[in-house]
Every structure is written in C-alpha cells, then in structure tokens.
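K.L.:
There's a structure below that I have some questions on.
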Amino acid sequence: MATIKVGMADLNICKAPDMITTLGLGSCIGIAVYDPVTKVGGLAHIMLPDSTQMRNNSNIAKFADTGIEELIRRVTMAGANKRRLVAKIAGGAKMFEVKGISGVGNVGERNAMASKAKLSQLGIPLLAEDTGLNYGRTVELYPATGEFYIKAVGKPLRII
Amino acid sequence: MAKFSLDQVNDMYFDVLKEIGNIGAGNATTAISHMLNIKVNMEVPSVKFLTFQELPTAISAEEETVVGIYLEVESDIGGSMMFLLKMESAQYLVNRLMGRPDDYAEEFNEMDLSAIKEIGNIISGSYLSALSSMTNMVITASVPYLSIDMAAAILSVPAIQFGQYGDNALLIQTEFGDDVKIQGFFILMPDVESYDKILTSLGIAL
C-alpha cells in the first residue's frame, strides 16, 4: 500500500489499496471524494474560498471552487463515476482567536461554506465533515473503505 | 490597485527586509537579554522566499508541534505578523523566565502561556519598531494571540494571507541565545496596499 501526499494548494487522486493524505490542515480545507464501487478517490487541500475574487488565480488547486472542479475531473478521468461520487471534508479551523471580522478570523469558516456550496452545486453528497473549532488536523482517505481519518494534537483519532 | 506582487520580489527588497530583520532581531535580543538576565548573542538573520509547497516544512516537519504568536498590525500600515518558536525553544525560554531547571518539561500552565505571549509580544514589538523607525511610519500591534499546534496548521494562516496576492511567502529566520541557541521565525504579512507604502517610504521604486 502506497501513501500519496498532497501539499498545500495541491490535489491528487488515489486508488485502493493506496492511501492519500494531507498533513496539518489549519484554516485550509481537505476535500475527499471517492467512488465506493471503483474505489477511486482523491483529495484536495484548498486555501481560499473563491477564485473569482482574486486577481492572481492561476493555481486552481488553491481555491474551493476551481479546486473541487479539478478534483472531480481528475478522479473521473482515473475511473470514478461522477454519479456515484461522495464527499467528506475536514479543516477550516480558526487557529487564532482574533477578535473582529478581519480575513484571518473567519477564513476557515468561509472555506468550509464555499466547499459545501461547490459540492452541492455539482450534486455530490457530503457524507460527513469535521470542520471549524481551533485546532489543526491531519487527514487520510482510504478509498478501499471510504474511511476518512482525522488526527489532531492531543486528541483521539476520529474516523468519519 | 496595488502594484506590488511578491512573485516579482527583487534583490533590493530582499536586502531591505534582511536589514529590518537584523535591526529588529537586535532590538529583540536586547529585550530578551534584559528579561532573562542572561547574555544573548545573535546570528545574522536569513530571509527566505518560499512557495506554498515549501512553507509548511520551512521550520519543522508538518506535524511537529510548534508555538505560533499572531498579532494584527495597525495604524499607518495594515496587516499582520507571526512569530514562531520550536517547542524546545519555547520550553527553554519559559524555564529561564520562571526560574526552573533547564530540563523541566511539564505541559505549559496558564502562567507559562502568558509568558510565551509576552515573549512573542516583546520580540514582535522589537521587529515592528525597527520597521517603524526605518520607514518613519507609525506602526502598532494588537494584543498577541497564541496557538500551539501542528506547524503546517499554524503556517496555513500566513499562507492564506500571502495566498490572496501570490504563490509565495517570505520567512525571516533569526537565531539567538547563550549556550542554547533559540531559533525564532518571523513572518510579516502587510496587506497589499501596505507593501507599496513600505517600499515607497524606503525609497524603493517598484
């Protein structure tokens, strides 16, 4: 079983029995999708909610909207059926309890909302999520079972 | 629309940041030295220009627990600043400050966390006052906010701020200490308009 690593503002696909992971999600979101029949999945690590708000938006994996579109394109090319795809997401934490409404305070929440909106627009059911709060998360997707592991400092392993 | 993009950063800007880092770290070292009542030496800071792929591992492995102190920067320029310390460095500084033996390694209590915030405050304040005197601008900082968590998760905060106008981030690494070397990392995140203001006030043409 190989492990495929996804960096920040990055995405990739994974086929069972391999596992795909991204380490230390903070305010970013890890979006996992998979097809339970062909056991083909993928993971995106997005940083910002909306590419249309940005002048420099050439890195499509950086944004929830373009990142999810590209993730779906890649997993379907690798053998997943779009109609069977399901999703799980994690991350979107508020790492610092900054007061007020500045960008850093609520970007995690906006990332989570934008990710859910995009999945819903594409008709991909969101089966589970572990978002918000104030701590970092490492996630692992196992396309063989669809299990999405969430690891955080000083907390028990959570499987969604 | 601001003209500045970090993706077009030049050598001169690099040197200026390095110099600010140098003076700031010098100020910070003096402050720390008084606070801990020890003799503190300082190395020349290094300025690194990193992509998002490199940033999460710039100070440690992605999942290693580190200390992050975050401050909002206000007045003539807007933005934020972050100071990061490795766990062992934070533990060492706290032990010194609390008069404990160097090998004490219990989990931080409330008092320790306040002490860490104060260290971050002093160091960041020293850095900002260097920037302020070089640019002749009034620069103030908010109260410090603290997070002790995975390095990559903490670094997602500056990454997202830089991510709004480019694909790179600037990291300033300083090293100070007596026998034990403390490694500290600064990330200054002015908003886009403030970059222009800083460079203009330093007489650097874009």
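The values are calculated or read from the model by the stated rules, or taken from the named source; none is laboratory data. This is a predicted model, so every value here is computed, not measured. Positions of Cβ are backbone-derived with ideal geometry, glycine not excepted, and every protein chain shown enters the neighbour counts.
K.L.:
Out of B:ILE198, B:ILE160, B:ILE119, B:ILE154, report the one residue that is without any contact (Cβ under 8 Å) to a residue 12 or more places away in the chain, in a helix (DSSP H, G or I) and not hydroxyl-bearing (Ser, Thr, Tyr). I'd like the intermediate steps shown before the answer.
P.N.:
Working: B:ILE198 fails: without any contact (Cβ under 8 Å) to a residue 12 or more places away in the chain; B:ILE119 fails: without any contact (Cβ under 8 Å) to a residue 12 or more places away in the chain; B:ILE154 fails: without any contact (Cβ under 8 Å) to a residue 12 or more places away in the chain.
Just a single option satisfies the conditions, and that option is B:ILE160.
K.L.:
Can you confirm whether segment A:94-109 contains a residue that is more than 14 Å from chain B (Cβ to nearest Cβ) and either crowded, with 21+ Cβ neighbours inside 10 Å or out of contact with any strand residue (DSSP E or B) (no Cβ under 9 Å at 6 or more places or on another chain) (or both)? Please lay out each step first, then the result.
P.N.:
Pass one, segment A:94-109, residues more than 14 Å from chain B (Cβ to nearest Cβ): none.
No - not one qualifying residue is present in segment A:94-109.
K.L.:
Still on this structure, please answer the following. So is B:ALA152 farther than 17 Å from B:GLY26 by Cβ, surrounded by 19 or more Cβ atoms within 10 Å (Cβ to Cβ) and touching a Pro at 6+ places or on another chain (Cβ under 6 Å) or not?
P.N.:
Details: farther than 17 Å from B:GLY26 by Cβ: yes; surrounded by 19 or more Cβ atoms within 10 Å (Cβ to Cβ): yes; touching a Pro at 6+ places or on another chain (Cβ under 6 Å): yes.
It is true that B:ALA152 is farther than 17 Å from B:GLY26 by Cβ, surrounded by 19 or more Cβ atoms within 10 Å (Cβ to Cβ) and touching a Pro at 6+ places or on another chain (Cβ under 6 Å).
K.L.:
I would also like to ask the following. Does B:VAL143 fit the bill of being in a loop (DSSP other than H, G, I, E, B), touching a helix residue (DSSP H, G or I) at 6+ places or on another chain (Cβ under 9 Å) and either at pLDDT 85 or above or more than 7 Å from chain A (Cβ to nearest Cβ) (or both)? Explain how you work it out, then say what you get.
P.N.:
Working: in a loop (DSSP other than H, G, I, E, B): yes; touching a helix residue (DSSP H, G or I) at 6+ places or on another chain (Cβ under 9 Å): yes; either at pLDDT 85 or above or more than 7 Å from chain A (Cβ to nearest Cβ) (or both): yes.
Criteria met by B:VAL143.
K.L.:
Next question. Which one of these does A:LYS39 not meet: (1) at negative phi; (2) away from chain B (no Cβ under 14 Å)?
P.N.:
(1)
K.L.:
Quick check: anything in segment A:84-91 more than 14 Å from the chain's Cα centre (by Cα), within 14 Å of another protein chain (Cβ to nearest Cβ) and basic (Lys, Arg)?
P.N.:
No - not one qualifying residue is present in segment A:84-91.
K.L.:
Please state which one of B:LEU155, B:LEU188, B:LEU128 is at the interface with chain A (Cβ under 8 Å from one of its Cβ atoms), under 13 Å from the mean Cα position of the chain (by Cα) and more than 22 Å from B:MET98 (Cβ to Cβ). Quick ask: steps written out before the conclusion?
P.N.:
Numbers: B:LEU188 fails: at the interface with chain A (Cβ under 8 Å from one of its Cβ atoms); B:LEU128 fails: at the interface with chain A (Cβ under 8 Å from one of its Cβ atoms).
None of the other options fit; the residue is B:LEU155.
K.L.:
Looking at (1) in a strand (DSSP E or B); (2) more than 10 Å from chain A (Cβ to nearest Cβ), can you tell me which one B:GLY68 breaks?
P.N.:
Tallying (1) in a strand (DSSP E or B); (2) more than 10 Å from chain A (Cβ to nearest Cβ), B:GLY68 fails exactly one: (2).
K.L.:
Test of understanding: among B:GLN183, B:GLN164, which residue is surrounded by fewer than 20 Cβ atoms within 10 Å (Cβ to Cβ) and within 8 Å of chain A (Cβ to nearest Cβ)?
P.N.:
Numbers: B:GLN183 fails: within 8 Å of chain A (Cβ to nearest Cβ).
It is B:GLN164.
K.L.:
Ok, one more. Considering each residue of segment A:138-153, count those that are over 23 Å from A:VAL40 (Cβ atoms) and either surrounded by fewer than 17 Cβ atoms within 10 Å (Cβ to Cβ) or modelled with pLDDT under 95 (or both), and give that number.
P.N.:
Taking segment A:138-153 first, the residues over 23 Å from A:VAL40 (Cβ atoms) are A:151-153.
Those left that are additionally either surrounded by fewer than 17 Cβ atoms within 10 Å (Cβ to Cβ) or modelled with pLDDT under 95 (or both): A:153.
Counting residues in segment A:138-153 that are over 23 Å from A:VAL40 (Cβ atoms) and either surrounded by fewer than 17 Cβ atoms within 10 Å (Cβ to Cβ) or modelled with pLDDT under 95 (or both) gives 1.
K.L.:
Can I ask one more? Of all residues being within 11 Å of chain A (Cβ to nearest Cβ) and either touching a Lys or Arg at 6+ places or on another chain (Cβ under 7 Å) or assigned to a strand (DSSP E or B) (or both) in segment B:74-96, which is nearest to B:GLU175 (Cα to Cα)? Just the residue, please.
P.N.:
This residue is B:MET82.
K.L.:
Separate question: Taking the options B:MET81, B:MET42, B:MET111, name whichever one is modelled with pLDDT of 85 or more and either charged (D, E, K, R) or closer than 25 Å to B:ILE198 by Cβ (or both). Steps first, please.
P.N.:
Values: B:MET42 fails: modelled with pLDDT of 85 or more; B:MET111 fails: either charged (D, E, K, R) or closer than 25 Å to B:ILE198 by Cβ (or both).
After ruling out the rest, the residue left standing is B:MET81.
K.L.:
In segment A:14-28, which residue that is in contact with a Pro (Cβ under 9 Å, 6 or more places away or on another chain) and surrounded by 24 or more Cβ atoms within 10 Å (Cβ to Cβ) is nearest to A:LYS94 (Cα to Cα)?
P.N.:
At the first step, the residues of segment A:14-28 found to be in contact with a Pro (Cβ under 9 Å, 6 or more places away or on another chain) are A:14-20, A:23-24.
With the extra rule that they be surrounded by 24 or more Cβ atoms within 10 Å (Cβ to Cβ), the set shrinks to A:14, A:20, A:23-24.
Numbers: A:CYS14: 29, A:ILE20: 24, A:LEU23: 17, A:GLY24: 13 Å.
Taking the candidates together, the pick is A:GLY24.
K.L.:
Okay, moving on. Mind listing just one residue for me: the one in segment A:94-137 that is part of a helix (DSSP H, G or I) and modelled with pLDDT under 95 and, of those, farthest from A:GLY24 (Cα to Cα)? Full working, then the answer.
P.N.:
Going through segment A:94-137, the residues part of a helix (DSSP H, G or I) turn out to be A:103-121.
Okay, now just the ones that are also modelled with pLDDT under 95, so A:103-110.
Details: A:GLY103: 20, A:VAL104: 17, A:GLY105: 18, A:ASN106: 18, A:VAL107: 16, A:GLY108: 14, A:GLU109: 17, A:ARG110: 18 Å.
Ranking the qualifying residues of segment A:94-137, first place goes to A:GLY103.
K.L.:
With respect to the numbered conditions (1) surrounded by fewer than 19 Cβ atoms within 10 Å (Cβ to Cβ); (2) without any contact (Cβ under 8 Å) to a residue 40 or more places away in the chain; (3) aliphatic (A, V, I, L, M), which one is the sole condition not fulfilled by A:ILE160?
P.N.:
Against the list (1) surrounded by fewer than 19 Cβ atoms within 10 Å (Cβ to Cβ); (2) without any contact (Cβ under 8 Å) to a residue 40 or more places away in the chain; (3) aliphatic (A, V, I, L, M), A:ILE160 comes up short only on (2).
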